[in-house]
Number of protein chains: 2
Amino acid sequence: MMKDTVTKIQGIDASLLKQAQARLDKLTKPKDSLGRLEEFAQRLVAITGNTMPDIDKKVVFTFAGDHGVAEEGVSAFPKEVTREMVLNFINKGAAINVLARHAGADVVVVDIGVDLDFLNDPDIPPFSTCEIGGKIAFGKNGVAFISNKVVYGTQNISKWPAMTRKEAEQCVQTGIDLAIGYSKQGYSMFGTGDMGIANTTPSSAIAALLTGREVKDVTGRGTGIDGHAFEHKIRVIEQAIALNKPDPSDPIDVLAKVGGAEIGGITGLILGCASQKRPVVIDGLISTAGALVAYFIEPKTKDYMFASHQSVEIGHRVMLDKMGLTPILDLNLRLGEGTGAVLAMFLIEAGLKIYKEMATFGEAGVSEKKQG
Amino acid sequence: MMKDTVTKIQGIDASLLKQAQARLDKLTKPKDSLGRLEEFAQRLVAITGNTMPDIDKKVVFTFAGDHGVAEEGVSAFPKEVTREMVLNFINKGAAINVLARHAGADVVVVDIGVDLDFLNDPDIPPFSTCEIGGKIAFGKNGVAFISNKVVYGTQNISKWPAMTRKEAEQCVQTGIDLAIGYSKQGYSMFGTGDMGIANTTPSSAIAALLTGREVKDVTGRGTGIDGHAFEHKIRVIEQAIALNKPDPSDPIDVLAKVGGAEIGGITGLILGCASQKRPVVIDGLISTAGALVAYFIEPKTKDYMFASHQSVEIGHRVMLDKMGLTPILDLNLRLGEGTGAVLAMFLIEAGLKIYKEMATFGEAGVSEKKQG
């Protein structure tokens with residue numbers, strides 16, 4: 001099934017970029033004066049294959065997973081936080097809830113790899129069967145929580161592979177199913193997000209392997225670890241790579257051996273969006289690790305990605321450069337959850353509204369630039 | 001009257017920044033992980049003097065003026081465009097209309113120095129007396145057009161002073177009156193914008209004089225002039241400075257001799273906002289020239305300013321650096337009108353919503369960071 005989706009992915013039609021530019025050049029403004037907003041409009045036209053695309057419904061997926069490597073002390077937060085934050089998402093108290101509401105996007109939290117059984121958790125609203133697969137529960141004001149667990153946390157990558165290859169493929173398939181399912185429900189812009197204590201560790205491992213850079217050049221301080229723990233984090237990642245020997249030419253092998261369930265979900269979401277010709281806005285370090293895996297599976301996925309922001313984490317820029325993506329925002333964010341993605345959605349939509357709603361020189365009776 | 005307003009301006013209370021930070025540190029996210037969004041929230045608390053400020057109504061002012069120096073061929077667009085664009089604003093076809101609507105801000109267009117009489121223009125809706133002064137007309141869906149003209153265009157600064165000192169003061173007073181008037185009407189966030197063919201020329205002149213940099217280091221290509229016209233633009237600015245000899249220690253003298261009416265209006269709006277403890281979001285090059293004049297009149301005005309974006313125009317960054325302001329966005333914009341200001345408003349508000357709406361660790365029952 002994953003293969004079928006990947007085969008379906010087509011690059012964008014570059015002639016549509018030019019067609020969109022021709023309209024932008026007729027609008028009552030100096031040529032190119034709205035900079036990247038114009039680029040966003042052009043890309044949305046080419047991505048959707050529609051010269052007057054609509055962005056009706058927006059959604060951000062926050063994939064949650066646990067990481068065995070947390071026991072190595074690579075994170076500043078205890079592992080209990082994963083469950084507590086899932087409840088916080090459902091109760092609309094987290095940053096992603098606030099910012100998604102501000103941007104007009106729905107939030108879908110996906111348990112793809114948390115080391116807990118939420119189905120019998122008394123603090124979670126009742127689950128029902130989800131069309132897309134798994135079980136779905138709705139929290140305050142309609143926040144969707146989908147339980148589609150592939151693993152109860154990954155293994156500690158400094159000792160074993162994170163997952164089996166089959167599990168990694170299942171994570172990717174879950175993301176694909178969500179992209180296709182929500183596309184069918186009329187969602188026209190997607191965002192990626194993550195939640196998982198210690199997940200900058202597997203993300204930096206993926207960054208090192210797929211960009212060919214040294215671990216120390218792609219590893220940051222995550223939620224805020226100090227000097228000693230930071231040195232240890234680098235050694236843990238180096239050890240994980242040395243022990244598991246992932247094959248950099250096989251992105252699923254990299255994902256399985258040193259990745260994470262939520263990273264695989266993000267990879268799948270991007271593959272699914274590309275197959276459905278839907279724009280997908282990539283959040284920070286963890287999301288970009290998922291995007292990089294998708295890019296190595298099928299480079300055409302890049303045509304559908306928007307890099308929402310430049311994270312504080314150093315590995316982030318290295319991965320964006322590898323894919324040739326330029327971040328939209330630079331606000332010193334390092335939270336994840338999809339927070340950067342929903343903020344960037346506002347700006348991408350701004351570009352589309354410029355394209356669709358501004359008057360042309362002819363319509364407004366405004367004189368054009370002098371010749372010569 | 002201008003002096004009374006300036007005397008009223010107080011710096012922010014730095015203890016409120018810390019008080020806001022204390023709340024931000026209790027929210028369910030790693031400390032400082034929302035970067036500049038947290039800075040925005042802190043500043044809004046300190047600016048308003050309210051630990052739970054409301055941003056209810058937002059407004060952007062697009063000040064319009066003509067420039068005698070346009071006859072020197074320093075702009076790519078003909079002067080007729082000023083009137084045509086005013087009509088475009090009123091009919092909601094311009095970029096500022098589209099982006100302000102997207103950001104939830106009202107648009108007020110102010111004729112402060114256009115070389116035309118709009119009061120008898122058959123294409124403009126009927127005017128009525130405006131409480132704040134001048135006459136007001138309402139276009140499509142309530143776009144306000146205020147006619148409060150100080151000059152019928154400025155003089156060609158390469159030959160004469162742009163305005164008299166009294167006219168420059170009147171422009172500033174008009175901006176002050178608008179800030180105070182709209183504050184009384186319940187507006188809680190202000191944006192600056194401009195429209196005026198050739199107005200990058202006086203803006204670069206102001207930038208050179210008040211930052212002490214050479215003209216060539218603060219002059220760009222405006223709406224898109226070519227190499228020859230660009231060299232000519234630099235010489236025109238140098239000539240304007242040599243001829244008029246503005247006193248850099250007297251910002252009103254600089255504004256009068258080499259500035260513009262819309263730049264003076266922007267200066268006044270900022271002084272008025274600071275006196276009313278209202279945040280004011282500064283657009284690009286022209287707005288920042290107005291902001292720099294305000295800053296030299298009273299440096300405490302800086303506490304109330306947000307630098308919305310980094311324009312393509314090179315003089316822009318030089319002026320922001322002089323004031324110690326860091327731009328929020330960098331999207332290669334160079335349009336003006338207030339377009340960058342309204343886009344940044346969305347992000348500033350995002351910071352406030354994070355501060356007000358996120359759950360604390362205690363409320364959400366989320367474990368805090370491990371000690372040590």
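Annotation: of all residues in the stretch B:17-38 being outside any loop (DSSP other than H, G, I, E, B) and within 12 Å of chain A (Cβ to nearest Cβ), the one that is farthest from B:Met305 (Cα to Cα) is B:Leu27. Of the residues examined, B:Ala144 is one that is more than 9 Å from chain A (Cβ to nearest Cβ), surrounded by 17 or more Cβ atoms within 10 Å (Cβ to Cβ) and out of contact with any helix residue (DSSP H, G or I) (no Cβ under 8 Å at 6 or more places or on another chain).
The set of residues in the stretch B:331-372 that are at the interface with chain A (Cβ under 7 Å from one of its Cβ atoms), touching a Leu at 6+ places or on another chain (Cβ under 9 Å) and part of a loop (DSSP other than H, G, I, E, B) comprises B:Leu331, B:Asn332, B:Leu333, B:Arg334, B:Leu335, B:Met358, B:Ala359, B:Gly365, B:Val366. Per this entry, B:Val86 is not counted among residues that are within 14 Å of another protein chain (Cβ to nearest Cβ) and free of Cβ contacts under 8 Å to residues at least 40 places away in the same chain. Within the stretch A:200-213, the set of residues being of a type in the set (S, T, N, Q) and either open to solvent by 10 Å² or more (accessible area, probe 1.4 Å) or modelled with pLDDT under 95 (or both) comprises A:Thr200, A:Thr211.
Looking across the stretch A:20-33, the residues that are surrounded by 14 or more Cβ atoms within 10 Å (Cβ to Cβ) and without any contact (Cβ under 8 Å) to a residue 60 or more places away in the chain come down to A:Gln21, A:Asp25, A:Asp32, A:Ser33. Scanning the stretch B:222-235 for residues that are more than 14 Å from chain A (Cβ to nearest Cβ), within 23 Å of B:Ala64 (Cα to Cα), more than 23 Å from the chain's Cα centre (by Cα) and buried (at least 21 other Cβ atoms within 10 Å of the Cβ) turns up at least one hit.
Checking every residue in the stretch A:188-197 against the condition of being more than 16 Å from the chain's Cα centre (by Cα) and under 30 Å from A:Asn244 (Cα atoms) gives at least one match. When we screen B:Ala41, B:Ala46, B:Ala14 for residues that are more than 14 Å from every other protein chain (Cβ to nearest Cβ), among the small types (Gly, Ala, Ser) and surrounded by 18 or more Cβ atoms within 10 Å (Cβ to Cβ), the only hit is B:Ala46. The single condition among (1) away from chain B (no Cβ under 14 Å); (2) open to solvent by 10 Å² or more (accessible area, probe 1.4 Å) that A:Pro279 does not meet is (2). Applying the criterion of being outside any loop (DSSP other than H, G, I, E, B) and open to solvent by 10 Å² or more (accessible area, probe 1.4 Å) to the residues of the stretch B:312-330, the residue that is farthest from A:Glu349 (Cα to Cα) is B:Lys322.
A:Glu238 meets the conditions (1) over 24 Å from A:Ser75 (Cβ atoms); (2) open to solvent by 30 Å² or more (accessible area, probe 1.4 Å); (3) touching a helix residue (DSSP H, G or I) at 6+ places or on another chain (Cβ under 7 Å) in every case but one. The failed one is (1).
Among residues that are within 11 Å of the chain's Cα centre (by Cα) and either touching a residue at least 12 places away in the same chain (Cβ under 8 Å) or part of a loop (DSSP other than H, G, I, E, B) (or both), B:Thr219 is not included.
Residue by residue through the stretch A:331-372, note down the ones that are among the acidic types (Asp, Glu) and open to solvent by less than 10 Å² (accessible area, probe 1.4 Å).
Narrowing the stretch A:331-372 to residues among the acidic types (Asp, Glu): A:337, A:349, A:357, A:363, A:368.
Of everything in the stretch A:331-372, just one residue is among the acidic types (Asp, Glu) and open to solvent by less than 10 Å² (accessible area, probe 1.4 Å), namely A:Glu337.
Of all residues in the stretch A:268-303, those satisfying the criterion of being assigned to a helix (DSSP H, G or I) and of a type in the set (Val, Ile, Thr) are A:Ile270, A:Ile286, A:Thr288, A:Val293, A:Ile297, A:Thr301. Applying the condition of being open to solvent by 10 Å² or more (accessible area, probe 1.4 Å) and closer than 18 Å to B:Asp247 by Cα to the stretch B:164-187 and asking which residue is nearest to the chain's Cα centre (by Cα) yields B:Glu169. Would you mind stating whether A:Ala76 is within 11 Å of chain B (Cβ to nearest Cβ) and either surrounded by fewer than 24 Cβ atoms within 10 Å (Cβ to Cβ) or in a helix (DSSP H, G or I) (or both)? Answer is yes for this residue.
Can you tell me which residue in the stretch A:56-72 is most open to solvent (accessible area, probe 1.4 Å), limited to those that are over 18 Å from the mean Cα position of the chain (by Cα) and among the hydrophobic types (A, V, I, L, M, F, W, C)?
Among residues in the stretch A:56-72 that are over 18 Å from the mean Cα position of the chain (by Cα) and among the hydrophobic types (A, V, I, L, M, F, W, C), the one most open to solvent (accessible area, probe 1.4 Å) is A:Ala70.
Among the criteria (1) part of a helix (DSSP H, G or I); (2) more than 10 Å from every other protein chain (Cβ to nearest Cβ); (3) open to solvent by 20 Å² or more (accessible area, probe 1.4 Å), the one B:Ala100 does not fulfil is (3).
Just one of (1) in a helix (DSSP H, G or I); (2) under 21 Å from A:Thr267 (Cβ atoms); (3) open to solvent by 40 Å² or more (accessible area, probe 1.4 Å) fails for A:Lys149. It is (1).
Count of the stretch A:101-143 residues, restricted to those that are at pLDDT 95 or above, within 30 Å of B:Ala103 (Cβ to Cβ) and in contact with a strand residue (DSSP E or B) (Cβ under 9 Å, 6 or more places away or on another chain), is 8.
Just one of (1) touching a residue at least 24 places away in the same chain (Cβ under 8 Å); (2) away from chain A (no Cβ under 14 Å) fails for B:Cys130. It is (1).
Is it true that B:Ala294 is within 14 Å of another protein chain (Cβ to nearest Cβ) and among the hydrophobic types (A, V, I, L, M, F, W, C)?
no
From the list A:Ser183, A:Ser188, the lone residue that is more than 27 Å from A:Lys257 (Cβ to Cβ) and assigned to a helix (DSSP H, G or I) is A:Ser183. Residue pairs whose Cβ atoms lie under 8 Å apart, sitting 6 or more positions apart in sequence or on different chains, and linking a residue in the stretch A:234-263 that is part of a loop (DSSP other than H, G, I, E, B) to a partner that is open to solvent by 60 Å² or more (accessible area, probe 1.4 Å), are A:Pro248/A:Gly212.
When you look at A:Ile132, is it out of contact with any Pro (no Cβ under 8 Å at 6 or more places or on another chain), surrounded by 18 or more Cβ atoms within 10 Å (Cβ to Cβ) and over 30 Å from A:Asp56 (Cα atoms), yes or no? So that I can check it myself, show each step before the final result.
On the way: out of contact with any Pro (no Cβ under 8 Å at 6 or more places or on another chain): yes; surrounded by 18 or more Cβ atoms within 10 Å (Cβ to Cβ): yes; over 30 Å from A:Asp56 (Cα atoms): no.
It is false that A:Ile132 is out of contact with any Pro (no Cβ under 8 Å at 6 or more places or on another chain), surrounded by 18 or more Cβ atoms within 10 Å (Cβ to Cβ) and over 30 Å from A:Asp56 (Cα atoms).
Filtering the stretch B:299-314 to residues that are touching a strand residue (DSSP E or B) at 6+ places or on another chain (Cβ under 8 Å) and more than 13 Å from B:Asn332 (Cβ to Cβ) leaves B:Tyr304, B:Met305, B:Phe306, B:Ala307, B:Ser308. Within the stretch A:303-359, the set of residues being among the acidic types (Asp, Glu) and modelled with pLDDT of 95 or more comprises A:Asp303, A:Asp321, A:Asp330, A:Glu337, A:Glu349, A:Glu357.
The values are calculated or read from the model by the stated rules, or taken from the named source; none is laboratory data. It should be emphasised that the depicted structure is a prediction, and the values quoted were computed from it without experimental measurement. As a convention, Cβ positions derive from the backbone with ideal geometry for all residues, glycine included, and neighbour counts pool all protein chains shown. Side chains included, ligands, DNA and RNA excluded: accessible areas come from the protein's heavy atoms. Shrake-Rupley method; radii C 1.70, N 1.55, O 1.52, S 1.80 Å.
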